[in-house]
1. Just one of ARG57, ARG32, ARG48 is closer than 18 Å to GLU96 by Cα and either among the basic types (Lys, Arg) or assigned by TED's automatic domain parsing to the domain that holds PHE99 (or both); which is it?
2. Looking at ALA83, ALA75, ALA103, ALA88 in this structure, which one is under 11 Å from the mean Cα position of the chain (by Cα) and over 24 Å from GLN203 (Cα atoms)?
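The values are calculated or read from the model by the stated rules, or taken from the named source; none is laboratory data. Values in this document were obtained by computation on a predicted structure and should not be read as measured data.
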Amino acid sequence: MPRHPDPDLEQRILGAASRLWARGGEKALTMRAVAKAAGTTTPTVYERYRDRDDILRALRLQTRRELFAALSRTATLREAFQAQLDFALEHSHAYEVLFDGVARPPSLHEPWPSFNLMRERVAKRLGGNPRQHTRVMLAVWSLMHGTAMLIIRGGFEGVLRTQTIHACMDAFDGILDSAARSKDLSQSGPKWPSNLILGEGKQSRVGNGDTETAKANSKARKPYR
């Protein structure tokens with residue numbers, strides 16, 4: 001009898017890859033290990049993905065689509081913030097893969113739809129265009145991601161987990177309220193450089209190699225006390 005294709009195989013492969021990466025990073029993610037964890041054979045994995053990087057790319061894109069779908073069901077910026085935090089904690093393995101090396105190619109130049117959705121809502125609340133508020137969005141993003149990873153990696157449970165989530169939401173409200181009053185957050189250091197572009201696919205840049213930016217950042221640094 002002819003063998004029927006397994007409709008769930010690719011999802012099992014991606015799920016296995018996310019668990020392996022979250023547990024052991026690059027060393028743990030081999031094609032053989034993925035095949036074993038997914039309950040299939042190594043040649044079968046190679047039929048669908050060229051190599052480990054191809055698996056990771058597929059996993060990132062799938063996770064971004066699922067995260068964007070979750071955020072798209074919200075109506076406000078605060079709800080979207082809460083939804084991303086909930087998503088991170090519910091899909092912790094895939095979320096860790098998504099943010100591993102997020103500011104480096106190829107991840108840097110892939111779509112960031114959830115980042116852009118939230119940045120558009122920041123602009124709607126504060127006025128102006130979304131790119132003007134990238135620094136505010138970065139503050140919000142850092143808060144959200146830091147909280148998620150602290151809970152995930154720190155094993156926060158029960159009352160501590162609940163209090164941490166609410167503390168994060170309170171800090172979010174404080175950031176946006178402050179930005180709304182001043183139309184911008186008070187900025188330490190240099191202004192946002194024109195060659196630092198996030199969430200815009202192929203146009204995205206992190207500003208590395210820019211001499212003037214490097215000099216400005218160096219002057220802005222102060223020793224810790």
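1. Answer to the check: ARG57.
2. ALA88
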